[in-house]
Amino acid sequence: GAQVRMFEPTPPATVRVPAAVAMITRTEFILWSRVAICEQSGNWHVLGPKYSGGLGISNVNWVAYGGRQFAWNAAYATPAEQIVVAKRINAGYAVPDQYGCHSW
């Protein structure tokens, strides 16, 4: 006779957070958030013709520093993902002046 197969429900997919995002500390997040306040008045989702995201990262640098692993443009990435890309751009330096703006 024919066997009836019982299908088990598929478990929900696990969201894989890149290690670099997971390694951002609370303190780093706070410091970079201050940069976002200066750059874009704290709006992490600004979409501009030249600069986007809360940190005002140039669209060219977003692509050049691997931002596309997160989203096609910084405006569509999470704040943590934007910080990862900013840290790549800013490698070797401290967090930029949180009360001034930074040229990315």
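Quick check on my filter: what residues within the stretch 31-45 are within 14 Å of I57 (Cα to Cα) and assigned to a helix (DSSP H, G or I)?
W32, S33, V35, A36, I37, C38, E39, Q40
Which one of these is surrounded by fewer than 13 Cβ atoms within 10 Å (Cβ to Cβ), modelled with pLDDT under 85 and out of contact with any Gly (no Cβ under 8 Å at 6 or more places or on another chain): V60, V95, V15?
Only one candidate passes the filter, namely V15.
Only one of E28, E39, E81 is modelled with pLDDT of 95 or more, charged (D, E, K, R) and surrounded by 11 or more Cβ atoms within 10 Å (Cβ to Cβ); which?
Going through E28, E39, E81 in turn, the sole match is E81.
The values are calculated or read from the model by the stated rules, or taken from the named source; none is laboratory data. Computed from a prediction, not measured in an experiment: that's the story for all the values here. Cβ: placed from backbone, ideal geometry, glycine included. Neighbour counts: every protein chain shown.
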